[in-house]
Amino acid sequence: MARRSVPILRHLLTKPTTPTLAPANPTRSVTYMPRPGDGTPRAVTLIPGDGIGPLVTNAVEQVMDAMHAPVYFETFEVHGDMPKVPDEVIESIKKNKVCLKGGLATPMGGGVSSLNLQLRRELDLYASLVNCFNLPGLVTKHENVDIVVIRENTEGEYSGLEHEVVPGVVESLKVITKFCSERIAKYAFEYAYLNNRKKVTAVHKANIMKLGDGLFLESCREVATKYPGIDYKEIIVDNCCMQLVSKPEQFDVMVTPNLYGNLVANTAAGIAGGTGVMPGGNVGADHAIFEQGASAGNVGNQKILEKKKANPVALLLSSAMMLRHLQFPSFADRLETAVARVILEGKCRTKDLGGQSTTQEVVDGVIAALE
């Protein structure tokens with residue numbers, strides 16, 4: 001959700017203290033002037049995934065149908081215990097350019113590679129973006145939180161370069177390159193510039209990893225000089241975590257290497273309302289995959305699955321990001337506004353948000369709130 005939409009939603013959803021009359025001839029501003037043919041329905045690759053994935057992706061399908069959104073889905077069965085992502089799935093994403101994905105369970109240990117990492121590398125989805133913000137009506141310890149965590153997605157500790165040197169000794173390599181550091185820094189500053197953000201903070205541990213994280217910082221500094229209108233800061237990752245839980249409103253856009261971004265995004269999500277309401281996506285030069293922003297944690301939670309009480313909000317908001325990415329901004333606005341209304345009213349909330357609603361009840365509430 002773009003930063004500017006949060007205060008707009010607060011204004012729209014706050015009940016006035018005194019009755020007001022609607023204008024006799026309300027006007028609608030022009031928000032998007034399409035080119036001929038822009039309304040043609042777009043194909044989107046859909047991966048329901050594991051655990052609660054099919055439940056929450058079905059929620060998105062229902063809402064898209066109710067909105068008559070100009071998208072249709074090509075669905076593929078992919079599961080985290082597969083040895084690799086099927087070739088037909090990769091081909092579909094390359095053809096459609098856009099994918100919506102539920103969670104994929106990654107087995108712990110063993111020789112099974114993460115399919116999430118395979119997708120990112122195969123499609124060069126080098127930027128992960130997670131938007132952590134307060135939703136009106138959802139009580140949290142901190143207010144005015146609106147953080148975008150942009151994480152390098154293809155190298156660092158997630159390079160997958162591990163081997164056993166001798167029995168009982170494992171070497172795991174952290175790879176940092178100038179090329180990948182520069183392009184994630186450019187993406188972060190460009191995002192800030194295009195979304196009227198005021199500050200970019202680089203998260204690092206260059207005081208200890210002087211060459212690896214030092215190269216990342218050097219790249220961020222070079223890019224920062226090209227954006228004089230954006231305030232640039234640096235923070236060590238351990239201090240960053242402390243600052244996040246004590247004063248999160250000080251952060252705006254954060255750019256990080258791979259592992260730090262995963263930790264920072266999940267911390268920020270917990271502060272702003274939980275992983276169940278935080279949208280996100282992975283983007284490269286040619287393709288994008290939209291999914292729940294922070295780690296699901298409950299992908300394989302059998303109890304939630306059996307009771308059908310998975311929270312669909314994060315994926316609904318991620319699908320709104322997808323609609324905006326596809327240049328369907330009015331549909332994205334409608335969906336985001338409907339979700340915000342449901343959260344504000346508080347009648348349809350899953351257990352993680354303090355309610356007892358099922359996934360379907362939340363979906364029905366969002367559909368009823370659509371305008």
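Mind grabbing the accessible area of CYS348 for me, 1.4 Å probe, Å², rounded to tens? For CYS348, solvent-accessible area is about 30 Å². Entry note, the chain: the mean residue ellipticity at 222 nm calculated from DSSP H runs of n ≥ 4, each adding -39500 (n - 2.57), is -12000 deg cm²/dmol after division by the residues and rounding to the nearest 500. Note on HIS142 and LEU259: with the Förster distance fixed at 25 Å, the Cβ-Cβ geometry gives a FRET efficiency of about 0.55.
For the set LYS84/LYS205; LYS178/LYS205; LYS97/LYS309, the pairs lying more than 27 angstrom apart at their alpha carbons are LYS84/LYS205; LYS97/LYS309. If you take all other residues with their beta carbon under 15 Å from the beta carbon of LEU125, and give Lys and Arg +1 and Asp and Glu -1, the sum is +1.
If R0 is 56 Å, the Cβ-Cβ spacing of VAL166 and GLU371 corresponds to a FRET efficiency of close to 0.30. For the chain, a Gaussian network of Cα nodes joined below 10 Å ranks VAL245, VAL255, VAL60 by mean-square fluctuation, and the top entry is VAL245.
Between 0 and 90 degrees, the angle of helix 87-96 with respect to the longest Cα principal axis of the chain falls at about 50 degrees.
Grouping the Cα pair distances of segment 86-164 into 10 Å bins from zero gives a pair-distance distribution of 13, 35, 29, 19, 4, 0 percent in increasing distance order. Per residue, the accessible area of the chain comes to 49 Å², computed with a 1.4 Å probe over protein heavy atoms only. In the chain, the portion of solvent-accessible area held by carbon and sulfur atoms comes to 56 percent [1.4 Å probe, whole percent, DNA, RNA and ligands not counted].
Here the Karplus relation 6.51 cos²θ - 1.76 cosθ + 1.60, evaluated at θ = phi - 60°, turns the backbone of segment 244-261 into coupling constants of 4, 7, 9, 8, x, 5, 6, 9, 10, 9, 10, 10, 9, x, 4, 5, 4, x Hz, with x for every Gly and Pro.
You can think of it this way: the chain between ALA285 and THR106 has 61.8 nm of extra reach, that is 0.36 nm per residue less the Cα-Cα gap. Across segment 354-368, computed HN-Hα scalar couplings (Karplus, 6.51 cos²θ - 1.76 cosθ + 1.60, θ = phi - 60°) run x, x, 9, 6, 7, 4, 5, 5, 5, 4, 4, x, 5, 4, 5 Hz from first to last residue, x flagging Gly and Pro.
Below 11 angstrom from the Cβ of LYS303, what's the summed charge of the other residues (Lys, Arg +1; Asp, Glu -1)?
Spelling it out: positives minus negatives among the neighbours equals +3.
Counted over all Cα-Cα pairs of segment 57-191, pairs farther apart than 17 Å make up 73 percent.
The Cβ shell under 12 Å around ASP87 holds other residues with a net charge of -1, Lys and Arg each +1, Asp and Glu each -1. Between GLU61, GLU164, GLU122, the Gaussian network model of the chain with springs among Cα atoms under 10 angstrom shows the greatest mean-square fluctuation at GLU164. Kirkwood hydrodynamic radius of segment 141-272, from the reciprocal of the average inverse Cα-Cα distance over all distinct pairs: 15.3 Å. Sequentially through segment 209-224, phi angles give Karplus couplings (6.51, -1.76, 1.60; θ = phi - 60°) of 8, 5, 7, x, 5, x, 5, 4, 5, 4, 5, 5, 5, 5, 5, 4 Hz, Gly and Pro residues having no value and appearing as x.
According to the calculation over all Cα-Cα pairs in the chain, the P(r) per 20 Å bin from zero is 28, 59, 12, 0 %. What distance in nm separates the two pseudo spin-label positions at LYS199 and THR75, each 7 Å out from Cα along the beta-carbon direction? Result for the modelled spin labels: 4.5 nm. How much length is gained on full extension from GLN360 to LYS97, taking 0.36 nm per residue of separation minus their Cα-Cα distance? The span from GLN360 to LYS97 would gain 91.8 nm if fully extended.
The values are calculated or read from the model by the stated rules, or taken from the named source; none is laboratory data. No experiment lies behind these values; they were computed from the predicted model shown. Using ideal geometry, Cβ is built from the backbone for each residue, glycine included, and neighbour counts are taken over all protein chains shown. Side chains included, ligands, DNA and RNA excluded: accessible areas come from the protein's heavy atoms. Shrake-Rupley method; radii C 1.70, N 1.55, O 1.52, S 1.80 Å.
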